[in-house]
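Engineer: Attaching a single structure in structure tokens format; questions to follow.
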Amino acid sequence: MTTTPPAYPMPKATGCPFDPPPELKSLQAEDRLAKVEIWDGSTPWLVTRFADQRALLADPRLSADSTHPGYPDSIPNVTRDRDSFAFIQMDDPEHARLRRMVTAPFMIKRVRAMQPGVQQIVDSLIDQMLAGPRPADLVEALALPVPSLVICQLLGVPYADHDFFQETSRMLIRLETPPAERKAAADQLIDYLDDLIGQKLAVPADDVLTELADRVRSGDLTRREAAGTGILLLVAGHETTANMIALGTLALMEHPAQFAVLRDTDDPKVVARAVEELLRYLNITHRGRRRVATETFEYAGHTIQAGDGLIFPNDIANRDPETFDSPDTLDLTRDARRHVAFGFGVHQCLGQPLARMELQVVYSTLYRRIPTLRSAVPLDQIPFKHDAQIYGVYSLPVTW
């Protein structure tokens, strides 16, 4: 007898706001792979276990190309300009060609050299927060401006334009944005970055957009490819880290013993370990990474057909009891470095060294400088981003 696949479980505005949907845990316990139904009626495979995600995300028989038939889109699709969408949705060799052009600024050595500047930014913003009214919105006071300032400096994007690119970014990642409005926002960002590339061609500077402009000048990139790459770095560079700063702080305030671990240490190794555990425990990408099979093969007793979509919800993989003891417990002393918050394989997050450094600076500074930091409202009054592809909070009132 054929059974109808369950709907793909989405985070709900009830229950623990830090945990994956309970349906995901049930599916993880039942089978290594399961069919689920998504918004367009298609039934991709859901991969919930940690080991399976790492194995399949590294499998060359799966494609990240979002134009490939059967690719399981997370939202109603928009017309894609093949020359301008993000290289994270391309396969090698095209993916590798574009990624190589922006790898250098995110190398660990380059990121470490940026740390003193990031520390100055964080200290200055905390100074302003302490001098201002209470309660303060941690999102507006710290979580959003830190990564926005950093990525603007790195790319060469005017921070004065932050209201524009933050608002258009929100239009792109909101689940309920109508397709026409999402396309309009994408076009606005493409035009904006294309104009900046033009400015860097005319007046070079010491920044990533100038490096992309140099690639345009040499014929290695089209301007649309350069602009598309700039959008990826700009949006991913501030949205993800901003949400992780705020959500991580909220989780720590809800777990006082864990808050104390960071508040009471000046050991960089303790801080680094805490960041990895927060990345494992929280996971802000609640729509799962997406792939499509390019050929038919057997895996874990299932036949994956060519053209089958696959979804990898990393929030539940990072709660796999076969990999992490007591996975639903936040434990900052745990060694969580194997998590898949940044993905796995050739498409794992390019900017993870920068994200880690920013989080380490914020988490090691904020709670030490404001040791009595606490939420100014009950948990059920905090607006969570259940309507967005990148999870977090819209605001976080705090006091001290």
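The values are calculated or read from the model by the stated rules, or taken from the named source; none is laboratory data. These numbers come from a predicted model, not from an experiment. FYI the Cβ positions are ideal-geometry reconstructions off the backbone, even for glycines, and counts take in every protein chain you see. Areas reflect the complete protein model, heavy atoms only, side chains present, ligands, DNA and RNA absent. Shrake-Rupley method; radii C 1.70, N 1.55, O 1.52, S 1.80 Å.
Engineer: Within segment 177-192, does at least one residue satisfy the condition of being farther than 23 Å from GLY230 by Cβ and among the hydrophobic types (A, V, I, L, M, F, W, C)?
Structural biologist: Yes, segment 177-192 contains a residue that is farther than 23 Å from GLY230 by Cβ and among the hydrophobic types (A, V, I, L, M, F, W, C).
Engineer: Criterion first (surrounded by fewer than 23 Cβ atoms within 10 Å (Cβ to Cβ) and either on the phi < 0 side of the Ramachandran plot or not aliphatic (A, V, I, L, M) (or both)) does ALA246 satisfy it?
Structural biologist: The answer is no for ALA246.
Engineer: Look at LEU359 and say whether it is buried (at least 19 other Cβ atoms within 10 Å of the Cβ), over 25 Å from MET107 (Cα atoms) and at pLDDT 95 or above. Full working, then the answer.
Structural biologist: On the way: buried (at least 19 other Cβ atoms within 10 Å of the Cβ): yes; over 25 Å from MET107 (Cα atoms): no; at pLDDT 95 or above: yes.
In short, no.
Engineer: Within the bounds of segment 175-187, is there any residue that is part of a helix (DSSP H, G or I), β-branched (Val, Ile, Thr) and within 20 Å of the chain's Cα centre (by Cα)?
Structural biologist: If we filter segment 175-187 for residues that are part of a helix (DSSP H, G or I), which is where we start, we get 179-187.
Narrowing the set further to residues that are β-branched (Val, Ile, Thr) leaves none.
The answer is no, given that none of the residues of segment 175-187 is part of a helix (DSSP H, G or I), β-branched (Val, Ile, Thr) and within 20 Å of the chain's Cα centre (by Cα).
Engineer: Residues to consider are ASP308, ASP315; find the one that is closer than 20 Å to SER63 by Cβ, buried (at least 20 other Cβ atoms within 10 Å of the Cβ) and of a type outside the set (Gly, Ala, Ser).
Structural biologist: Every option except ASP308 fails the conditions.
Engineer: Could you grab me the full set of residues in segment 125-139 that are over 17 Å from VAL235 (Cα atoms) and surrounded by 12 or more Cβ atoms within 10 Å (Cβ to Cβ)?
Structural biologist: From segment 125-139, those over 17 Å from VAL235 (Cα atoms) are 125-138; that's our starting set.
Answer for segment 125-139, where residues must be over 17 Å from VAL235 (Cα atoms) and surrounded by 12 or more Cβ atoms within 10 Å (Cβ to Cβ): LEU125, ILE126, GLN128, MET129, LEU130, PRO135, ALA136, ASP137, LEU138.
Engineer: So, one more: Quick check on segment 145-189: of everything there that is open to solvent by less than 20 Å² (accessible area, probe 1.4 Å) and hydroxyl-bearing (Ser, Thr, Tyr), which residue is farthest from THR103 (Cα to Cα)?
Structural biologist: THR177
Engineer: Further question on the same structure: Is it true that ALA213 is in a helix (DSSP H, G or I), under 30 Å from PRO116 (Cα atoms) and of a type in the set (Gly, Ala, Ser)? Quick ask: steps written out before the conclusion?
Structural biologist: Numbers: in a helix (DSSP H, G or I): yes; under 30 Å from PRO116 (Cα atoms): yes; of a type in the set (Gly, Ala, Ser): yes.
Spelling it out, ALA213 is indeed in a helix (DSSP H, G or I), under 30 Å from PRO116 (Cα atoms) and of a type in the set (Gly, Ala, Ser).
Engineer: Also, I was wondering about something else. I'd like the full set of residues that are open to solvent by 20 Å² or more (accessible area, probe 1.4 Å), in contact (Cβ under 8 Å) with a residue 60 or more places away in the chain and farther than 17 Å from PRO327 by Cβ, limited to segment 32-42.
Structural biologist: SER42 - this is the single residue of segment 32-42 that is open to solvent by 20 Å² or more (accessible area, probe 1.4 Å), in contact (Cβ under 8 Å) with a residue 60 or more places away in the chain and farther than 17 Å from PRO327 by Cβ.
Engineer: Answer yes if at least one residue in segment 256-278 is crowded, with 21+ Cβ neighbours inside 10 Å, on the phi > 0 side of the Ramachandran plot and polar (S, T, N, Q), and no otherwise.
Structural biologist: no
Engineer: Mind checking whether some residue in segment 81-92 is modelled with pLDDT of 90 or more and open to solvent by 30 Å² or more (accessible area, probe 1.4 Å)?
Structural biologist: Looking through segment 81-92, at least one residue is modelled with pLDDT of 90 or more and open to solvent by 30 Å² or more (accessible area, probe 1.4 Å).
Engineer: Check PRO378, PRO397 and return the single one that is in contact with a Ser or Thr (Cβ under 9 Å, 6 or more places away or on another chain), modelled with pLDDT of 95 or more and not β-branched (Val, Ile, Thr).
Structural biologist: Values: PRO378 fails: in contact with a Ser or Thr (Cβ under 9 Å, 6 or more places away or on another chain).
Sole residue among the options that is in contact with a Ser or Thr (Cβ under 9 Å, 6 or more places away or on another chain), modelled with pLDDT of 95 or more and not β-branched (Val, Ile, Thr): PRO397.
Engineer: Counting only residues that are more than 13 Å from the chain's Cα centre (by Cα) and farther than 22 Å from ARG337 by Cβ, give me the helices (runs of 4 or more DSSP H) lying completely in segment 222-310 with at least 2 of them. Break it down stepwise before answering.
Structural biologist: On the way: elements: 223-253, 256-263, 268-282.
Answer list for segment 222-310: 223-253, 256-263.
Engineer: Let me ask you something else. In the set VAL122, VAL111, which member is open to solvent by less than 30 Å² (accessible area, probe 1.4 Å), among the aliphatic types (A, V, I, L, M), in contact (Cβ under 8 Å) with a residue 24 or more places away in the chain and closer than 30 Å to GLY345 by Cβ?
Structural biologist: Numbers: VAL122 fails: closer than 30 Å to GLY345 by Cβ.
Answer to the selection: VAL111.
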